[in-house]
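Chemist: If you scroll down you'll find the structure; I have some questions about it.
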Amino acid sequence: MKIAILSRNPKLYSTARLVQAAKDRGHEPRVIDHVRCFMDMGTDNPSVHYKDEEFVAGDFDAVIPRIGASVSFYGTAVVRQFEMMGTYCINESVAISRSRDKLRSTQLLSRKGVGIPVTAFANSPDDVGGLIREVGGAPLVIKLLEGTQGIGVVLAETKKAAESVIQAFMGVNSNILIQEFIKEAGGSDIRCLVVNGKVIAAMQRTAQEGEFRSNIHRGGSAQLVKLTPKERATAVKAANVMGLNVCGVDLLRSDRGPLVMEVNSSPGLRGIEEATKKDVAGRIIDSSEANAKPNKTKTRGKG
């Protein structure tokens, strides 16, 4: 199989592991910087141009998007172009966009009955008091809608601090979500790696002392964790709601059961492979191999 891996940097651990896993299985991987691509949409045969090359329908059997949050708009446009060409994409453009929009994804998870922290959203500084009451008061968590890897996530420990931070964000027209703080989680969360409707690996991430964000990029540590059946089912349901074949689902253990914090369409592989000793990259390539068929993409660039 010829596999296109859309990534800005071939030296990144996750990208390099996918390349190696594909080669180990006899496939031909190609790393393509999606930001360097341009698209031809004015012909009967849509194509993607990359540097001096033109890719048309049939040039690749599968596409594995590794789209960074900072280039979501352009990256998903490139994925959508491959969909229009009938190329199988392991994660579709609509699903990636859906998961990247924290507000939309939270609303979808809530509608489908997936456990989430109590969450509030408003546009006006006049509503700050109501926002804080809705999530049970301080301490509470304030999240930038555009944040990633723990950036733009603030823990406000008092009502006054919460009011100040919320008003500051609103003052610069930043969209934010307000969420209840799950104290019993103890600064830990669980990252579940879901591939084709199954949790193939899971790790518990714990924040370093003095920090409440458990992201590995923020200095958190990771270890193997055993999931309960409910946690496993919650992660799979969250992935299905987003429409993602490959994703990381972040859970909090609460007194009322597992709560989904976020669904990540381009999860990092280093932390979970090192913590679990599992060949996660290989499982992603296996999924591409099993499902790659021309014109299989559901949306075909629609939506």
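Chemist: Based on what the data block shows, is Phe60 aromatic (Phe, Trp, Tyr) and either touching a Gly at 6+ places or on another chain (Cβ under 9 Å) or at positive phi (or both)?
Modeler: Spelling it out, it is not the case that Phe60 is aromatic (Phe, Trp, Tyr) and either touching a Gly at 6+ places or on another chain (Cβ under 9 Å) or at positive phi (or both).
Chemist: Would you confirm whether any residue within region 197-211 is assigned to a loop (DSSP other than H, G, I, E, B), aliphatic (A, V, I, L, M) and either exposed (fewer than 15 other Cβ atoms within 10 Å of the Cβ) or at pLDDT below 90 (or both)?
Modeler: There is at least one residue in region 197-211 that is assigned to a loop (DSSP other than H, G, I, E, B), aliphatic (A, V, I, L, M) and either exposed (fewer than 15 other Cβ atoms within 10 Å of the Cβ) or at pLDDT below 90 (or both).
Chemist: On the given criteria, is Asn45 within 28 Å of Leu145 (Cβ to Cβ) and without any contact (Cβ under 8 Å) to a residue 60 or more places away in the chain?
Modeler: When the stated conditions are applied, Asn45 does not pass them.
Chemist: Also, I was wondering about something else. Can you find even one residue in region 285-300 that is farther than 30 Å from Ala57 by Cβ, out of contact with any strand residue (DSSP E or B) (no Cβ under 8 Å at 6 or more places or on another chain) and surrounded by fewer than 22 Cβ atoms within 10 Å (Cβ to Cβ)?
Modeler: No.
Chemist: One residue is enough: does region 128-137 have a residue meeting the conditions in contact (Cβ under 8 Å) with a residue 24 or more places away in the chain, more than 19 Å from the chain's Cα centre (by Cα) and under 30 Å from Cys37 (Cα atoms)?
Modeler: Checking region 128-137: not a single residue is in contact (Cβ under 8 Å) with a residue 24 or more places away in the chain, more than 19 Å from the chain's Cα centre (by Cα) and under 30 Å from Cys37 (Cα atoms).
Chemist: Being under 23 Å from Arg100 (Cα atoms) and loosely packed, with under 15 Cβ neighbours inside 10 Å is the filter here, so list the residues in region 150-173 that pass it.
Modeler: Ile151, Val172, Asn173
Chemist: Then there is this: Select from region 220-245 the residues that are under 19 Å from Ser14 (Cβ atoms) and in a loop (DSSP other than H, G, I, E, B) and write down the one among them that is modelled with the lowest pLDDT.
Modeler: In this case the residue turns out to be Gly220.
Chemist: What single numbered condition from (1) within 14 Å of Thr15 (Cα to Cα); (2) modelled with pLDDT under 95 fails to hold for Glu262?
Modeler: In the conditions (1) within 14 Å of Thr15 (Cα to Cα); (2) modelled with pLDDT under 95, Glu262 misses (1) alone.
Chemist: Tell me yes or no: at least one residue of region 137-146 is surrounded by fewer than 16 Cβ atoms within 10 Å (Cβ to Cβ), modelled with pLDDT under 85 and either within 30 Å of Thr228 (Cβ to Cβ) or not assigned by TED's automatic domain parsing to the domain that holds Ala238 (or both).
Modeler: Within region 137-146, none of the residues are surrounded by fewer than 16 Cβ atoms within 10 Å (Cβ to Cβ), modelled with pLDDT under 85 and either within 30 Å of Thr228 (Cβ to Cβ) or not assigned by TED's automatic domain parsing to the domain that holds Ala238 (or both).
Chemist: Let me ask something else. Only one of (1) in the same structural domain as Ala235 (by TED's automatic domain parsing); (2) more than 30 Å from Cys89 (Cα to Cα); (3) charged (D, E, K, R) fails for Arg205. Which number is that?
Modeler: (2)
Chemist: Here's something else I'd like to know. Of all residues in region 183-196, which are crowded, with 21+ Cβ neighbours inside 10 Å and among the β-branched types (Val, Ile, Thr)?
Modeler: Hits for region 183-196 are Ile190, Val194.
Chemist: Just need a number here: residues in region 155-175 that are in contact (Cβ under 8 Å) with a residue 40 or more places away in the chain and farther than 28 Å from Ile272 by Cα.
Modeler: Counting residues in region 155-175 that are in contact (Cβ under 8 Å) with a residue 40 or more places away in the chain and farther than 28 Å from Ile272 by Cα gives 5.
The values are calculated or read from the model by the stated rules, or taken from the named source; none is laboratory data. Everything numeric in this text was worked out from a predicted model, so none of it was measured. Every residue, glycine among them, receives a Cβ derived from its backbone with ideal geometry; neighbour counts consider all protein chains shown.
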